[in-house]
Amino acid sequence: MIKRALLMATAMSTAGFMGANAAQAEDLTLCWAAWDPANALVELSKEFEAESGHTMNFEFVPWPNFADRMLNELNSGGKLCDLLIGDSQWIGGGAENGHYVKLNDFFEAENISMDDFAPATVYAYSTWPKGTPNYYALPAMGDANGWFYRKDWFENEDIRAAYMEETGQELREPESQQELMQIAKFFQEREIDGQTRYGVSIFTERGSEGITMGATGALYAWGFKYENEPGSYDMAGAVNSPEAVEALEFYKELYECCTPPGYTDAYMEQSLDAFKSGQVAMAMNWFAFFPGLYADPNTGGDKIDFFVNPPQNVAASTLGGQGISVVAYSDKQDAALEYIKWFAQPDVQAKWWELGGYSAHNSVLQGDGFEESAPFAGDFLVAMDGVQDFWQEPAYAELLLAMQKRLHDYIVADQGTAQEALDKLIEDWTEVFEDEGKL
Amino acid sequence: MTDTAIDKIAQRTPTRVARKVRGLSDRAIAWLFVGPTIFLLLAINIFPLIWTVYLSFTNFRANRPNREVEWVGLRNYERILTDSDIWLNMQATAHFLFWTIVFQVLIGFALAYLINKKFRGNDLWTTIIVLPMMLSPAVVGNFWTFLYQPQIGLFNYIIAFFIGADPSSFEMIGSVTLAPWSIVIVDTWMWTPFVMLICLAGLRSIPDYIYEAAEIDRASKWRQFWTITVPMVLPFLMLAVLFRGIENFKMFDLVVQLTGGGPGSITELASINLKREAFEKWRTGYSSAYAIILFVTVFGLASIYVKALNKVKER
């Protein structure tokens, strides 16, 4: 009997070992956008490779093609990605169309608690239907749209005096959207160090999501809501409220008054270029880029500082960031889950932040000295407290393209009024929700 | 291969096979050769076309294969034909089509007329002129976005030099007024050489003795141009218009690279809009109807045009 038990134990341990060996042989592919944090993740994942024996491959797609490429991959049931760090807006489609593995059982088995992550990120990146305890992703990269500016210009005594003379106010980080425009107007076409400078670089891109992500920064600050009641799809009066109209008119004026010439189709790259080349005094972009901006030898360091999207009626920022999901079509789901388990560890999350990724783990965000760990860390915390996201419905792509069209038509192409743009947007969205059977 | 070699292969063919082949009629052998091509044609062209027609009457979405497909009748067609935004896309397409053809025909013919004259460096100039059409549309679109850049773009500097304005005072691809012309200019730059080559073929096909006879009759150069050159080149020109018309009706890559359909939707041609509906919004049924409407339009216009072309040829 003892002999049999020993044999069984030996067989089981051998099987376990072989299983572990088999797991070590896995080649995992993680898909994400090609940007600075992705490079940090490659560095971070080397530890996972060393610990687990798995090999990590990466498929990074440039942002303008990221959604197209990845959504096509998911829709076709492709096996390219075992792990996908997908945009927050994809969570509805990922869940409802069966692209993402539901992670509840896994989290429970591995003692991974969503309470350990910032609530806003769990809500935005992980849950579907929104706010319910159904998790399809682990918050991987917290992000929001923020601002940065030329601190050296803002501190220059001559410039400060000129600003005071022109506006009667101190030149400082803007505390409202209107103040931001006032500062932008002041810098527009101003000669500094013998060169013509401009006010701001903002998002105006038409093809993917740019102008929507930019303009919602103003819309949310004015108190924009997608629905009168959450989940009702009742949009009239919310989407086209007087505040929304005012916000859109503001964004158009900001584009017209204060951007560099030819700034009609600009998103992340163009915003970074405009700032790094010294063209603009202020720029909007995702927090994800801030470590790189701070490290820039020409315009970083003591020449740059950061601020949260200024409030107008309310304090709010446009949400960026992503959660990490296991793709349902992957043949290597066990190894992929192993990666998520490893990634969720507090010490890995701490290293993630150190390398330039934006951890959403409470142990990092609430850790001692987090706010002082980087010049933008405090702003990041403030921003994440007031983030709002676009629709996360399965039909998000249609909803987004409609908004891209209506906003670009009004803001850049100067067609119609803000009221008409928002009214038409409601018509477009109503049609989409009718097709979806939700209206 | 020599006859002897063929004979050797024939000898090696198993008798059973040889008998079977010998037993086939000419018609059967013809089908044997044509069959695979017909099968491929049906599989690659005809079946997708029929399938597209079917899909155009449904609410199918390729990104939701599990969703129930409903028969929606003519609703997709009705939506498209009553959508004012789509008519704006059609207008943008018509503007692009009309002006690119006008400019390419005029400039292409003029260049062909000049190149047809014998002068030193003729071959070199022909090669230089045809260079643009050898480039990839994506590359052309990309570098013209730099040329059109208001702050550093060469195009703006050249125009500003002539009109005495500041180069950054106008935006070719960012302005609602200028953007439709910016895509016309680039397409004309790229494809005029194609029209030129076709016209050149037409000009070189005119026998010299016709001009010699006209000279003897003391016809002026002007009269020779209008009564000999133009009528004899006209079928070639019409062919060039047909090719360019079909190509530009489905223009996509160049314009996407250049303006992305913007600003707003000012340069969003029908093909760009169709791509967005089909592969970004994934409204497969709706975009199938859209594609059928475009197909019928092109097919109808091309048929009428080909009839006119044949009439001109018969003259």
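The values are calculated or read from the model by the stated rules, or taken from the named source; none is laboratory data. Note that the structure is a prediction, hence the values are computed from the model and not measured. Cβ placement follows ideal geometry from the backbone for every residue including glycine, while neighbour counts extend to all protein chains displayed. Keep in mind that these areas ignore ligands, DNA and RNA; they rest on the heavy atoms of the full protein, side chains included. Shrake-Rupley method; radii C 1.70, N 1.55, O 1.52, S 1.80 Å.
Among A:161-168, A:319-326, the peptide with the highest mean count of other Cβ atoms within 10 Å heads the list, and the full ranking is A:319-326, A:161-168. The mean number of partner chain beta-carbon atoms within 10 angstrom of a residue's beta-carbon across peptide A:403-414 is 5.
Accessible surface comparison of A:E243, A:E108, probe 1.4 Å, protein chains only, largest first: the order is A:E108, A:E243.
Taking 7 Å steps out from each Cα toward its Cβ at B:L178 and B:L301 produces label points 2.8 nm apart.
B:R283 contributes an accessible area of around 20 Å² to the protein surface, as traced by a 1.4 Å probe with all chains present. Modelled spin-label separation between B:V102 and A:E170, with each label point placed 7 Å from Cα along the Cα-to-Cβ direction: 6.1 nm. Exceedance of the 27 Å cut-off in Cα-Cα distance is limited, within the set A:K405/B:K250; A:K151/A:K351; A:K79/A:K225, to A:K151/A:K351; A:K79/A:K225.
Placing a label point 7 Å from the Cα of B:A43 along the Cα-to-Cβ line, no residue of the stretch A:54-96 has its backbone N under 16 Å from it. Under a model in which nothing but the beta-carbon of Lys, Arg (+1) and Asp, Glu (-1) is charged, the protein assembly as shown shows a dipole of about 5480 debye around its Cα centre.
Rounded to the nearest 20, the size of the Cβ-charge dipole of chain B about its Cα centre is 1280 debye, with Lys and Arg at +1 and Asp and Glu at -1. Using a 4.7 Å Cβ-Cβ cutoff, the cysteines of the protein assembly as shown lacking any partner cysteine are B:C199.
The length gained on full extension between B:F252 and B:N310, counted as 0.36 nm times the residue separation minus their Cα-Cα distance, comes to 17.9 nm. Between the alpha-carbon centers of the stretch A:244-277 and the stretch A:100-139, tell me the distance in whole angstrom. For the stretch A:244-277 versus the stretch A:100-139, the Cα centre distance is 35 Å. Each part reduced to its alpha carbon centroid, the stretch B:286-302 and the stretch A:278-293 end up 46 Å apart. Taking chain B as a Gaussian network, Cα atoms linked when under 10 Å apart, which of B:I206, B:I80, B:I38 shows the biggest mean-square fluctuation? The residue that fluctuates most here is B:I38.
Taken along the Cα-to-beta-carbon direction at a fixed 7 Å, the label points for A:D334 and A:K438 span 3.8 nm. When the charge dipole of the stretch A:322-439 is built from unit charges on Cβ atoms (+1 for Lys and Arg, -1 for Asp and Glu) and taken about the Cα centre, the candidate among A:V382, A:G437, A:A335 whose Cα reaches farthest toward its positive end is A:A335. Mean-square fluctuations from a GNM of chain A, with a 10 angstrom spring cutoff on Cα atoms, peak among A:I91, A:I159, A:I202 at A:I159.
Averaged over peptide A:92-99, the number of partner chain Cβ atoms lying within 10 Å of each residue's Cβ comes to 2. By a 1.4 Å probe calculation restricted to protein chains, B:K8 has an accessible surface near 120 Å², given to the nearest 10. Averaged over the residues of peptide A:63-74, the number of Cβ atoms from other protein chains lying within 10 Å of each residue's Cβ is 1. Quote the FRET efficiency, to the nearest 0.05, computed for A:E179 versus A:A109 with a Förster distance R0 of 56 Å and r equal to the Cβ-Cβ distance. About 0.65, to the nearest 0.05.
Rolled with a 1.4 Å probe across the full set of protein chains, the surface gives A:K151 an accessible area near 60 Å². Compute the Cα gyration tensor for chain A, then decide on rounded, prolate or oblate, letting a ≥ b ≥ c be the square roots of its eigenvalues: rounded whenever a/c is under 1.5, prolate when a/b is larger than b/c in the other cases, and oblate in all that remain. Prolate, because a/c is 1.5 or more and a/b exceeds b/c.
For a straight C-alpha distance cut-off of 19 angstrom, the lysines reachable from B:K117 (same-chain residues fewer than eight places away being disregarded) are B:K221. Relative to one another, the C-alpha centroids of the stretch B:32-52 and the stretch A:375-439 are positioned 43 Å apart.
Straight-line cross-link partners of A:K185 among the lysines, defined as a Cα under 16 Å from its Cα and at least 8 positions apart when in the same chain: A:K252.
Residues considered: A:N285, A:N309, A:N72. Largest GNM mean-square fluctuation over chain A, using C-alpha springs under 10 Å, is found at A:N72. At a probe radius of 1.4 angstrom, the accessible area of the protein assembly as shown per residue rounds to 48 square angstrom.
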